[in-house]
Amino acid sequence: MITSAMKSIGMIAEFNDPNELLVAARVLRDAGYRKFDCHSPFAIHGMDKAMGLKRSPLGWIVGTFAFSGAAGGLLLQWWTSAVDYPLVISGKPLFSYQAFVPIAFGVAVLLGAISAVFGMLALARLPMFHHSVFNSDRFAKVTDDGFFISVDATDPEFHSEQTKELLESAGGQNVELLEE
């Protein structure tokens, strides 16, 4: 006889509106949960604070790459005009930085934009081809009018019965245990 034990990978609960979702996120945060996510068809103001999320490091990533791009563009132009191939044209100095600003700015914008795209993808752990919430049939509503919270089973606070009771007490409906 072959038996396969179903492994619990999380729990999902549905909420009626964005306000209930915000309240439930605060309840989970206050209960010590850290590995949970809120799903809605649109961005909800204040959700980051309600979930206890830190500020994204994406601005620092983009700023660092943009500054490096500007410095690199300026350095390359200085090297080519003042060191590698020095030519005095119309009595201008070898390093005439005013002429180099547009190229340095362009390289800064280019590297900033590229780092924003790839930094956002890396921080969001994308592309993610499958997520455990897709095992729920009700989750299809999230792109239209559904508001959900999913709690990962790897969270230290996760216990099937206690988590279910907490989600129901926060207003969650159709609480469902997600299994492999």
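Values as computed for the structure displayed
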item: Single residue of the stretch 2-42 satisfying the filter (at pLDDT below 95 and of a type in the set (Gly, Ala, Ser)) that is nearest to Gly146 (Cα to Cα); result: Gly10
item: Failed item, numbered, when Glu165 is tested on (1) touching a residue at least 24 places away in the same chain (Cβ under 8 Å); (2) not in a loop (DSSP other than H, G, I, E, B); result: (1)
item: From Asp17, Asp30, Asp37, residue being acidic (Asp, Glu) and closer than 30 Å to Ile114 by Cα; result: Asp37
item: Residue within the stretch 122-142 that is within 23 Å of Met6 (Cα to Cα), in contact with a strand residue (DSSP E or B) (Cβ under 6 Å, 6 or more places away or on another chain) and not in a helix (DSSP H, G or I) present; result: yes
item: Selected residue [within 30 Å of Arg29 (Cα to Cα), in contact with a Gly (Cβ under 9 Å, 6 or more places away or on another chain) and either surrounded by fewer than 13 Cβ atoms within 10 Å (Cβ to Cβ) or among the aliphatic types (A, V, I, L, M) (or both)] from Val109, Val133; result: Val133
item: Failed item in (1) at pLDDT below 95; (2) out of contact with any Lys or Arg (no Cβ under 7 Å at 6 or more places or on another chain), with Glu180 passing the rest; result: (2)
item: Every residue from the stretch 43-70 that is more than 30 Å from Ser160 (Cβ to Cβ) and either of a type in the set (Val, Ile, Thr) or without any contact (Cβ under 8 Å) to a residue 24 or more places away in the chain (or both); result: Ala43, His45, Arg55, Gly59, Trp60, Ile61, Val62, Thr64
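The values are calculated or read from the model by the stated rules, or taken from the named source; none is laboratory data. Quantities reported herein were computed from a predicted structural model and do not represent experimental measurements. Positions of Cβ are backbone-derived with ideal geometry, glycine not excepted, and every protein chain shown enters the neighbour counts.
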